[in-house]
Structures are given as C-alpha cells and as structure tokens.
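Comments concern the structure below.
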Amino acid sequence: MTSEQEALKKPARYTVIDWLLTQTHQRRYMEIGVRNPEDCFGHINADYKVSVDPGYESSDNRADVKLTSDEFFEQFRSGRLTLPHQQFDVIFIDGLHLADQVWKDIQNALQILAPVGYIVLHDCNPPTRYHARESIEEQSPARNFWNGTTWKAFQRFRVESSKNSYVVNSDWGVGVIENHRNAAGGCLNPALNPFYEFATFERNRQQILNLVDFEELCRPSNDM
Ligand SMILES: C[S@@+](CC[C@H](N)C(=O)[O-])C[C@H]1O[C@@H](n2cnc3c(N)ncnc32)[C@H](O)[C@@H]1O
C-alpha cells in the first residue's frame, strides 16, 4: 500500500464521524487539531460543533478555541473557558500525533464525553515505520506523510481499558473508542507487544488495533 493509495482510501474520516454522530443522542461534536476546516471540520453534520487548535500549522487559524488541547482542557475544567455544552457526543483527537500527548488527550476527552459517546483518533494505522517516525521533521522515505506514534496510545488504551475500541481500516486508520460499550473479549493482552516495537505491531496489527471495515461497523447489530 503506497502513501497515495492510503490517502485515497474511502471512507474518509468525516464519513466515519458523521455516521457515529447519528448513533448518539445529541450530536455535539468537538475537533482537537483542525488546520484547514475544509478538510474535515466543515464536512461534519452536527447540532453543535466546536474546534480547538493553537494554529501551529496555519497562518490563518480559524479554530473556535485558539489553544493547545492541554490549555483547553485545563481552562474548560476550571471554568475559565465556557462553552454552551459541558459534554460532547463525538470528540475527534487529531492534534499533536505523539503517543504521550494523544494519551493525555484521550484521558481528558473521556472526562467530557457523553455516556453514549465516541472518541475518534486519526492516524492510528501507519503503513510503515517511516510513517510512524517520532518527528515530522526527520528525513524519511515516507516523504512528508506522517502518522506519528498515535498507534502506541491506541495500543495502550486497548491494553488498559475494557471499553470497546477498534480502528476503521481507511484514511490512515480511524480509531474509535466507545464510552458506553465494553469489549466482548476484554482488554488486549499486554504480552502481545510489551515493548511497543513497530515490527511486532506490523505482524499483529489486525489484533492490536482491532481493524474493521466501515461496512462491518454500519451493519445493524454488529458485535465489534
Ligand atoms: C493533522 S492537523 C489536523 C487535521 C484535521 N483534523 C483534518 O482532519 O483535516 C493537526 C493540527 O493539530 C494542531 N496541533 C498541534 N499541536 C497541538 C496541540 N498540542 N493541541 C491541539 N492541536 C494541536 C496543529 O496546529 C494542526 O493544525
């Protein structure tokens, strides 16, 4: 799979997000890491939407809240920043793609997620170790394509939490965490990849990520 093929895979992340929003009660959406709203945020059909981004990658920052995710969560928690809603039905985490930041974003997002709610994470399924390099600046055979180490945060979540989680096998891996459902098989076995090695991840990505097709997900009464 080349980078160009992966980039063209369908459905796009916003199609997955839109479908998840239809499964919720109030369709309140938050996107962390927005860059160009035309690429994703603008496509989302929700009853309420809010975007958070410090503007590191755009000269014209059009996010509603111009803060890092850490600053946003701290100010929202303390009441220094208020929004019309206290909870959100789908929270899309697509900010800094490094495992420790993604882990923090997941933990913070869980605090404000509706009981029937979903966390969505972009870039969970890097095709090669080059896409999964730690720094976007590093010269790489993947050129400017970069998924970072989000996959490690997702693996850790699946090891430590019994909440149901899976990755839709499209658009660089669209990770989903369900707040309201536990995984049928329990947590991921930590012995599968205890040292977070990329080669081990590659051999076991189906199981580590719980890769699913979008069609499977949308099927009524799926047990994913
Ligand atoms: C990959 S882009 C987001 C793309 C967008 N969500 C989409 O689907 O097209 C990543 C964005 O995350 C932002 N970002 C970087 N560090 C961040 C942080 N600590 N908190 C929130 N956003 C951050 C960058 O400014 C950039 O705009």
Checklist entry - Here are some conditions: (1) away from the ligand (no atom under 15 Å from the Cβ); (2) open to solvent by 70 Å² or more (accessible area, probe 1.4 Å). LEU110 meets all but one. Which one does it not meet? => result (2)
Item to check | Selection from region 143-171 of residues that are over 15 Å from ILE106 (Cβ atoms) and in contact (Cβ under 8 Å) with a residue 40 or more places away in the chain | outcome: ARG143, PHE145, TRP146, ASN147, VAL168, ASN169, SER170, ASP171
Checklist entry - Checking LYS49 against (1) among the basic types (Lys, Arg); (2) in contact (Cβ under 8 Å) with a residue 60 or more places away in the chain; (3) open to solvent by 30 Å² or more (accessible area, probe 1.4 Å); (4) closer than 15 Å to ILE119 by Cα, which test does it fail? => result (2)
Next on the checklist: Consider region 54-71. How many of its residues are open to solvent by less than 20 Å² (accessible area, probe 1.4 Å) and either in a loop (DSSP other than H, G, I, E, B) or near the ligand (Cβ under 9 Å from one of its atoms) (or both)?
Outcome noted: 3
Checklist outcome for this item: Restricted to region 72-103 and to residues being in a helix (DSSP H, G or I), within 15 Å of the ligand (Cβ to nearest atom) and among the charged types (D, E, K, R), the residue surrounded by the fewest Cβ atoms within 10 Å (Cβ to Cβ) is ASP100
Item to check | Output for region 16-46, where each listed residue is under 27 Å from PRO220 (Cβ atoms) and surrounded by fewer than 18 Cβ atoms within 10 Å (Cβ to Cβ) | outcome: TRP19, THR22, GLN23, HIS25, GLN26, HIS43, ASN45
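The values are calculated or read from the model by the stated rules, or taken from the named source; none is laboratory data. Treat the numbers as computed from the prediction; the structure is a model and nothing was measured. Note that we place each Cβ from the backbone using ideal geometry, even for glycine, and neighbour counts take in every protein chain shown. Just the protein is used for accessible areas: all its heavy atoms, side chains included, with ligands, DNA and RNA removed. Shrake-Rupley method; radii C 1.70, N 1.55, O 1.52, S 1.80 Å.
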